[in-house]
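Below is one structure, written out as structure tokens; comments come after it.
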Amino acid sequence: MSTREWMDEGTRLVLTTIGKLPDAEFDAPTVLPGWARRHVVAHLHYNAEALRRLVSWARTGVESRMYASTEQRNAEIEAGARLPVAELRRLVRESADALAADLDALPTEAWSNPVVTAQGRTVPATEIVWLRAREVAVHAVDLGAGVDFEDLPADLVAALIDDVLKRRLAGGHGPALARWLTGRTGQAPDLGPWL
């Protein structure tokens, strides 16, 4: 599958999962510390809006960061998590559709234009599709509503592992990962916060 197909399939999967959740279950906890399902849904909505800003930047050349700051991003998610469930459902679907439409309309020449991720990495606009594919796939699992990594395409799982491994190696976790992955210890390394 292409990265865009991963994004589209992941979007369908996460939106279907959200659509099947009873309203009362939006308050159930997730594996993400301090986040209920409603936080994950709010985050998915605001992530789509943030990535739309990057698409705009790639199209126009006018800098438009994903978030003004980490604090602004966190406050946005907390505020979104307090919205009524019906509003959350509507927002997450509308922003996903809007992001897909923005990507479809991006001119060919703009795909190589540089943008800056929330982590401060400068990447070509082509990376925006991967950023969203990763978000929708992993957060479909995080909802804890019956989707697991086995439900994702095998090539996407391999790409996720490759992406995470590069980040963990860059963070200095190589020796501990090598020790654990080669069976030299039964204790998984402490890798810090989730990605």
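The values are calculated or read from the model by the stated rules, or taken from the named source; none is laboratory data. Because the structure is a prediction, the values reported are computed rather than measured. Using ideal geometry, Cβ is built from the backbone for each residue, glycine included, and neighbour counts are taken over all protein chains shown.
Only one of Arg52, Arg37 is crowded, with 16+ Cβ neighbours inside 10 Å, of a type in the set (Lys, Arg) and in contact with a Phe, Trp or Tyr (Cβ under 9 Å, 6 or more places away or on another chain). Can you tell me which? Residue meeting the stated conditions: Arg37.
Remark: Arg184 falls outside the filter, which requires a residue to be farther than 24 Å from Glu127 by Cβ, more than 15 Å from the chain's Cα centre (by Cα), surrounded by 10 or more Cβ atoms within 10 Å (Cβ to Cβ) and not assigned by TED's automatic domain parsing to the domain that holds Glu127.
Evaluation of Pro107 against the conditions (1) exposed (fewer than 11 other Cβ atoms within 10 Å of the Cβ); (2) touching a Lys or Arg at 6+ places or on another chain (Cβ under 9 Å); (3) within 16 Å of Thr11 (Cα to Cα); (4) not small (Gly, Ala, Ser) shows that the sole unmet condition is (3).
Residues checked against (1) small (Gly, Ala, Ser); (2) touching a Ser or Thr at 6+ places or on another chain (Cβ under 9 Å):
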{"site": "Trp35", "(1), (2)": "no, no"}
{"site": "His43", "(1), (2)": "no, no"}
{"site": "Arg52", "(1), (2)": "no, yes"}
{"site": "Ser56", "(1), (2)": "yes, yes"}
{"site": "Glu71", "(1), (2)": "no, no"}
{"site": "Ala81", "(1), (2)": "yes, no"}
{"site": "Leu88", "(1), (2)": "no, no"}
{"site": "Leu99", "(1), (2)": "no, yes"}
{"site": "Pro124", "(1), (2)": "no, yes"}
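Condition first: touching a strand residue (DSSP E or B) at 6+ places or on another chain (Cβ under 6 Å) and of a type in the set (A, V, I, L, M). Now tell me which residues in region 44-91 satisfy that. Within region 44-91, Leu54, Ala58 qualify.
Restricting the first residue to region 78-97 and requiring it to be not assigned by TED's automatic domain parsing to the domain that holds Lys20, which pairs with a second residue that is modelled with pLDDT of 95 or more and surrounded by 17 or more Cβ atoms within 10 Å (Cβ to Cβ) meet a Cβ separation below 8 Å and a spacing of at least six or different chains? Pairs that qualify, where the first residue is not assigned by TED's automatic domain parsing to the domain that holds Lys20 and the partner is modelled with pLDDT of 95 or more and surrounded by 17 or more Cβ atoms within 10 Å (Cβ to Cβ): there are none. Could you list, in sequence order, the residues of region 110-152 that are farther than 25 Å from Trp57 by Cα and either touching a strand residue (DSSP E or B) at 6+ places or on another chain (Cβ under 8 Å) or surrounded by 15 or more Cβ atoms within 10 Å (Cβ to Cβ) (or both)? Val138, His139, Ala140, Val141, Asp142, Leu143, Gly144, Ala145, Val147, Leu152, listed by residue number.
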